[in-house]
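Okay, handing you the structure first.
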Amino acid sequence: MDNTFSVYKIDDRSLIAFIKREIHNLALQLGFKPHRAAETDIIIAELTSNLIKYAGGGDLLYRAHNHGSCNEIEIYCLDKGTGIDNISKIMKDGYSTSSTLGHGIGAIKRLSNDFQIYSMRGWGTVQYIKICDKPDVSIPNSTTKLDMSALSVNYPGERVCGDGYHIKYSKKGFQIFVGDGLGHGANAHEAVEQAIRAFKQCTENDPVAVLRYVHEHVKKSRGLVATIAAVDYETESWSVCGIGNINTRIYSGLDNKTYTPYNGIIGHNIPRTINSTIVPYQKHQIIIMHSDGLRTRWNLNELNSIIKQSPAIIASALYKDNVRGTDDATILVGKII
């Protein structure tokens with residue numbers, strides 16, 4: 001299944017029936033029973049009607065995904081409306097700020113396998129919903145030391161994404177790869193897919209060695225930019241190295257450090273001398289990596305208590321505020337647990 005999310009701008013009620021039908025058919029293709037697909041319809045109807053009614057429109061992002069033995073639909077619902085003052089109050093079935101029955105957010109939570117929401121007055125709201133083919137499936141905690149979410153979307157009008165990401169785990173640690181093929185469309189997609197295949201094959205631990213390995217294996221492609229962030233459990237350290245404009249920050253509490261990549265294009269020309277930046281690896285750190293489909297001048301500290309939220313909420317909040325809409329866009333957020 002594709003890692004990318006489909007995106008719909010919801011600004012008119014005429015779109016709701018179309019989107020409901022599309023996601024309903026997707027649910028059936030995934031093996032959802034008719035009753036579960038009908039519950040998915042309710043969730044989509046509530047999300048989209050709330051977007052128009054309370055926020056004047058917004059974005060709905062969704063994808064099909066396989067998580068172990070569970071087929072699931074992941075949804076992000078983003079708006080720049082007035083925000084919500086009391087989330088716990090509106091989560092109750094039967095509460096309504098209008099003359100409707102008020103089954104909205106309470107019903108969404110009840111019918112979803114995972115539901116998260118974050119809102120600020122004057123900023124808007126982001127919601128993350130996961131719907132599994134089995135309604136009683138509980139979402140397990142991460143079995144690794146990294147809790148991660150990523151949001152990746154195509155350049156508008158393209159069928160494939162020129163960005164990509166992958167994480168490799170081992171007993172010694174893990175390595176995160178985020179790459180962006182030059183341009184967009186099929187050639188950019190193929191470049192980043194070749195790079196991910198090489199990344200998976202490479203047995204090196206140092207990001208510098210991994211990048212050089214990838215460089216040798218994508219020379220027939222259009223080329224790409226990429227950053228690798230690796231954790232070594234034994235030395236309790238991060239090693240970060242990148243070539244080209246992937247933005248990478250690591251937050252330790254409210255403090256953060258941005259890592260400057262080298263100039264160059266992987267597969268075409270990379271510097272002769274490159275070195276990894278080494279920093280301490282600590283619990284509760286947050287790593288954020290994104291392609292240039294998002295603006296880089298953002299500050300997590302401007303969003304109240306956002307660092308306490310899940311990686312999915314952090315990723316969607318930054319996407320909502322900073323997506324350019326003129327390129328493929330990928331953001332990956334990981335929390336050390």
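So, in region 278-337, of the ones that are acidic (Asp, Glu) and farther than 18 Å from Ser252 by Cα, which residue ends up surrounded by the most Cβ atoms within 10 Å (Cβ to Cβ)?
Only one residue fits best here, namely Asp328.
Those residues that are of a type in the set (A, V, I, L, M) and either open to solvent by 20 Å² or more (accessible area, probe 1.4 Å) or part of a helix (DSSP H, G or I) (or both), I need them from region 194-242; list them, please. Please lay out each step first, then the result.
Filtering region 194-242 down to residues of a type in the set (A, V, I, L, M) leaves 195-196, 198, 208-211, 214, 218, 224-226, 228-231, 240.
Residues satisfying the conditions are Ala195, Ile196, Ala198, Val208, Ala209, Val210, Leu211, Val214.
Just to be sure, is Leu47 at pLDDT 95 or above, over 25 Å from Ser310 (Cα atoms) and either in contact with a Leu (Cβ under 7 Å, 6 or more places away or on another chain) or open to solvent by 30 Å² or more (accessible area, probe 1.4 Å) (or both)? Outline the logic, then answer.
Working: at pLDDT 95 or above: yes; over 25 Å from Ser310 (Cα atoms): no; either in contact with a Leu (Cβ under 7 Å, 6 or more places away or on another chain) or open to solvent by 30 Å² or more (accessible area, probe 1.4 Å) (or both): yes.
Judged against the criteria, Leu47 is not a match.
Kindly state which strands (runs of 3 or more DSSP E) lie completely within region 110-193 and contain at least 3 residues that are surrounded by 20 or more Cβ atoms within 10 Å (Cβ to Cβ). Steps first, please.
Details: elements: 114-120, 124-132, 146-153, 163-170, 173-181.
Per the criteria, 124-132, 146-153, 163-170, 173-181.
Kindly provide the set of residues from region 260-276 that are touching a Ser or Thr at 6+ places or on another chain (Cβ under 6 Å) and open to solvent by less than 20 Å² (accessible area, probe 1.4 Å), ordered by number.
Hit for region 260-276 is Gly267, nothing else.
Has region 95-112 got at least one residue that is farther than 24 Å from Pro311 by Cα, out of contact with any Pro (no Cβ under 9 Å at 6 or more places or on another chain), modelled with pLDDT under 95 and hydrophobic (A, V, I, L, M, F, W, C)?
Yes, that holds for at least one residue.
For region 243-259, which residues satisfy the criterion of being hydrophobic (A, V, I, L, M, F, W, C), under 21 Å from the mean Cα position of the chain (by Cα) and either open to solvent by 10 Å² or more (accessible area, probe 1.4 Å) or over 20 Å from Gly162 (Cβ atoms) (or both)?
Of all residues in region 243-259, those hydrophobic (A, V, I, L, M, F, W, C) come to 243, 246, 250, 254.
Keeping just the survivors that are under 21 Å from the mean Cα position of the chain (by Cα) gives 246, 250.
Passing the criteria: only Ile250.
The values are calculated or read from the model by the stated rules, or taken from the named source; none is laboratory data. Only a predicted model underlies this, so the values are computations on that prediction, with no experimental measurement involved. Every residue, glycine among them, receives a Cβ derived from its backbone with ideal geometry; neighbour counts consider all protein chains shown. Calculation scope for accessible area: heavy atoms of the full protein, side chains included, ligands and nucleic acids excluded. Shrake-Rupley method; radii C 1.70, N 1.55, O 1.52, S 1.80 Å.
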